[in-house]
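The values are calculated or read from the model by the stated rules, or taken from the named source; none is laboratory data. Just so it is clear, the model here is predicted, and its values are computed rather than measured. Cβ sites come from the backbone with ideal geometry, for glycine too, and all protein chains shown count toward neighbours. Protein only, heavy atoms only, side chains kept; ligands, DNA and RNA dropped before computing areas. Shrake-Rupley method; radii C 1.70, N 1.55, O 1.52, S 1.80 Å.
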Amino acid sequence: MQPIMIKYVLFALAAVAGVFLFLLIIAILRTLLMPRKRSEYVPQPDEERSQKYAELLSEMVQCETVSHANVEETEKFLRFHELLARLFPLVHEKLEKTVIDGNLLYRWQGKSSEKPIVLMGHQDVVPAEGEWTHEPFAGEIADGKVWGRGSGDTKATVMAFLQAAEELLAEGYVPENDVYLASSCTEEWAGGGAAKIVEELKRRGVRPFLVCDEGGSIVTKPIGGLEGYYAMVGVFEKGQGNVCFTARSSGGHASTPGKNTPIARLAAFVNEVETKNPFKVKMPKAVSVMFRRLSRYAPFGLRLVLGNLWLFTPIVKKVMPAISSQAAAMLKTTCAFTMQSGSDAANVLPQEASVWANMRFIPHQGEEESLKVIRAVAEKHGLEMLVRNSSDYTQPVNIRGEAFKRVEAVIKQTFPGLPCSPYVVTGGTDARFYQEICDSCIRFAPVIYGPEQLKGMHGIDENIECACLPGAVDFYKNMIKAK
């Protein structure tokens, strides 16, 4: 390189460094002028109500409602409905109840049908395997918690909105708009129970102003460095698909292996996907808003980065996987390998070997494009690809819209001092079925999920704190009364 060219390159590098230093100084000054906030919400003890609601939830947990894919189990859920009728008599006396193959829909007629709302949670639970400290269907109340399968996912919310209606009915309250309480019995295996409820609402000509389902919740430490409680309100959910990748060969004896055997090709494929991310990393608007809001509660270094995404977005996209796998999943399509199979004997090369993956599709690279990308990687390794089932992401809720602002207002009213932020739901919920008839399907369960509760969900020793139950009931009461 000529000396004069080197001079220009060094000059250009110095100019870039100077510009970045200038921008960095601006970011630091902005951060210094942004006083750090603190999450001030602390659950207020209400032992009498907590115990009452815990006992209701305990009985609901004791009624086993495990659902299995494509298995008709209506009778099991009808028994659960009988329990609900006993626990919430006014709801069943005064509301219009519809049962569709075990799925529940209640209509509470309001003064108007112009802006109906739907409050929902599912009845069914996943199987309870392994050794539990408290029997999974005993519904024990111990150590300030209700223990058992479904206590957090999601019989707590079903109890809370039914109890909210029960208490308001006892006061003679009439809502301003129609209120629908919905509960499917197929959510845990992505069945069509909620779709049947939606079809019934369509038949009636109902178009909800707002749907409130599970997805987000009140959590502790949503990102490392943040202390206290935060309301994470889901504004859309990623799509998902189950995909099988298969490698074939003529098989043979393991004593004389050739090259590129099925399992070797699968291993190379899995390793490439794991180590060389094939999907686009991008900051969705909802995630930008989430980071910006949460930055106000973070220590200085994290506040500097998350509060100035206009400068640090490229860095955040690179380092986020090391900081939080959950936050990183909000930035790209994910591909998690879950099951594998090969030969039936240790000394036999398989004629066929396969690995399954669960994929979650992000809006900036949806179902079609993401499947195309992963297919190209699979074909490079000589693999066949079969998509067993797949669905795309849901449309985001307008976080500046009336419905989202109503939920924010109710959260602030019910939980004083609790910060509120939009959130991307990386799992799947029944709310996706309602997208067809509602533009504002918001995913927020008004219960506290700490690390222990998150670990127990679909795992061993599922539980929910009794102290958070009064707040959940009050949230739904305030939602029903909100205008």
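Can you tell me which residue is nearest to the chain's Cα centre (by Cα) among those in segment 431-483 that are under 21 Å from residue 130 (Cβ atoms) and among the polar types (S, T, N, Q)?
Here is the first cut: in segment 431-483, the ones under 21 Å from residue 130 (Cβ atoms) are 449-464.
Imposing the further condition that a residue be among the polar types (S, T, N, Q) reduces the set to 453, 463.
Details: 453: 14, 463: 18 Å.
Only one residue tops the list, namely 453.
Out of segment 390-401, which residues are touching a residue at least 12 places away in the same chain (Cβ under 8 Å), out of contact with any Cys (no Cβ under 9 Å at 6 or more places or on another chain) and either open to solvent by 80 Å² or more (accessible area, probe 1.4 Å) or part of a loop (DSSP other than H, G, I, E, B) (or both)?
Within segment 390-401, 392, 393, 396, 398, 399, 401 meet the criteria.
Within segment 301-331, take every residue that is of a type in the set (Ser, Thr, Tyr) and outside any loop (DSSP other than H, G, I, E, B) and give me the one that is surrounded by the fewest Cβ atoms within 10 Å (Cβ to Cβ). Walk me through it before giving the result.
We begin by selecting, within segment 301-331, every residue of a type in the set (Ser, Thr, Tyr); these are 313, 324-325.
So of that shortlist, the ones also outside any loop (DSSP other than H, G, I, E, B) come out as 313, 325.
Details: 313: 15, 325: 11.
Checked segment 301-331; the qualifying residue surrounded by the fewest Cβ atoms within 10 Å (Cβ to Cβ) is 325.
Quick grid of which residues meet (1) within 22 Å of residue 441 (Cβ to Cβ); (2) in contact with a Ser or Thr (Cβ under 9 Å, 6 or more places away or on another chain); (3) crowded, with 24+ Cβ neighbours inside 10 Å:
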position	(1), (2), (3)
132	no, no, no
138	no, yes, no
155	yes, yes, yes
163	no, no, yes
171	no, no, no
176	yes, yes, no
182	yes, no, yes
189	yes, yes, no
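Sort out which residues of segment 402-426 are small (Gly, Ala, Ser) and open to solvent by less than 30 Å² (accessible area, probe 1.4 Å), and write them in order of number.
403, 421
Identify, please: which residue in segment 39-48 is over 25 Å from the mean Cα position of the chain (by Cα) and loosely packed, with under 13 Cβ neighbours inside 10 Å and is, among those, farthest from residue 298 (Cα to Cα)? Write out each step before concluding.
In the first step, residues of segment 39-48 are kept if they are over 25 Å from the mean Cα position of the chain (by Cα); the result is 44-48.
Filter again for loosely packed, with under 13 Cβ neighbours inside 10 Å, leaving 44-45, 47-48.
Working: 44: 24, 45: 27, 47: 32, 48: 35 Å.
That would be 48.
List every residue pair whose Cβ atoms sit under 7 Å apart, with the two residues 6 or more apart in sequence or on different chains, where the first one lies in segment 370-384 and is farther than 20 Å from residue 331 by Cα and without any contact (Cβ under 8 Å) to a residue 24 or more places away in the chain and the second, anywhere, is outside any helix (DSSP H, G or I) and of a type in the set (Asp, Glu).
none
Could you check segment 47-60 and list, in sequence order, the residues that are under 15 Å from residue 447 (Cα atoms) and either modelled with pLDDT under 95 or among the small types (Gly, Ala, Ser) (or both)?
Passing the criteria: 50, 54.
Out of 150, 144, I need the residue that is surrounded by 24 or more Cβ atoms within 10 Å (Cβ to Cβ) and either under 24 Å from residue 49 (Cα atoms) or not polar (S, T, N, Q) (or both). Which one? Can you show your working first?
Working: 144 fails: surrounded by 24 or more Cβ atoms within 10 Å (Cβ to Cβ).
Within the list 150, 144, the selection yields 150.
So, residue 82, is that one among the acidic types (Asp, Glu) and without any contact (Cβ under 8 Å) to a residue 24 or more places away in the chain or not?
yes
Which one is farthest from residue 409 (Cα to Cα) among residues in segment 442-470 that are aliphatic (A, V, I, L, M) and either surrounded by 23 or more Cβ atoms within 10 Å (Cβ to Cβ) or modelled with pLDDT of 95 or more (or both)?
Looking at the filtered set, the residue picked out is 460.
For residue 366, indicate whether it is farther than 30 Å from residue 291 by Cα and open to solvent by less than 70 Å² (accessible area, probe 1.4 Å).
So residue 366 fails the test.
Being open to solvent by less than 80 Å² (accessible area, probe 1.4 Å), in a loop (DSSP other than H, G, I, E, B) and not hydroxyl-bearing (Ser, Thr, Tyr): is that true of residue 269 here?
Numbers: open to solvent by less than 80 Å² (accessible area, probe 1.4 Å): yes; in a loop (DSSP other than H, G, I, E, B): no; not hydroxyl-bearing (Ser, Thr, Tyr): yes.
No: the conditions fail for residue 269.
So, residue 196, is that one crowded, with 17+ Cβ neighbours inside 10 Å, under 20 Å from residue 387 (Cα atoms) and not acidic (Asp, Glu) or not?
no
Quick one: would you say residue 167 is touching a Lys or Arg at 6+ places or on another chain (Cβ under 7 Å), surrounded by fewer than 20 Cβ atoms within 10 Å (Cβ to Cβ) and more than 17 Å from residue 122 (Cα to Cα)?
So residue 167 fits the description; yes.
Being in contact with a Lys or Arg (Cβ under 9 Å, 6 or more places away or on another chain), surrounded by fewer than 16 Cβ atoms within 10 Å (Cβ to Cβ) and not in a helix (DSSP H, G or I), is that true of even one residue in segment 349-363?
Yes.
Could you list, in sequence order, the residues of segment 201-246 that are surrounded by fewer than 21 Cβ atoms within 10 Å (Cβ to Cβ), modelled with pLDDT of 95 or more and of a type in the set (Lys, Arg)?
202, 203, 204, 207
In this structure, is residue 257 open to solvent by 20 Å² or more (accessible area, probe 1.4 Å), in a loop (DSSP other than H, G, I, E, B), out of contact with any Phe, Trp or Tyr (no Cβ under 7 Å at 6 or more places or on another chain) and modelled with pLDDT of 95 or more? First the steps, then the outcome.
Working: open to solvent by 20 Å² or more (accessible area, probe 1.4 Å): yes; in a loop (DSSP other than H, G, I, E, B): yes; out of contact with any Phe, Trp or Tyr (no Cβ under 7 Å at 6 or more places or on another chain): yes; modelled with pLDDT of 95 or more: no.
So residue 257 fails the test.
Restricting the search to segment 49-84, which residues are in contact with a helix residue (DSSP H, G or I) (Cβ under 8 Å, 6 or more places away or on another chain), open to solvent by less than 40 Å² (accessible area, probe 1.4 Å) and closer than 21 Å to residue 163 by Cβ?
If the condition is that a residue be in contact with a helix residue (DSSP H, G or I) (Cβ under 8 Å, 6 or more places away or on another chain), open to solvent by less than 40 Å² (accessible area, probe 1.4 Å) and closer than 21 Å to residue 163 by Cβ, then 50, 53, 54, 56, 57, 60, 61, 63, 65, 80, 83, 84 are the ones that fit.
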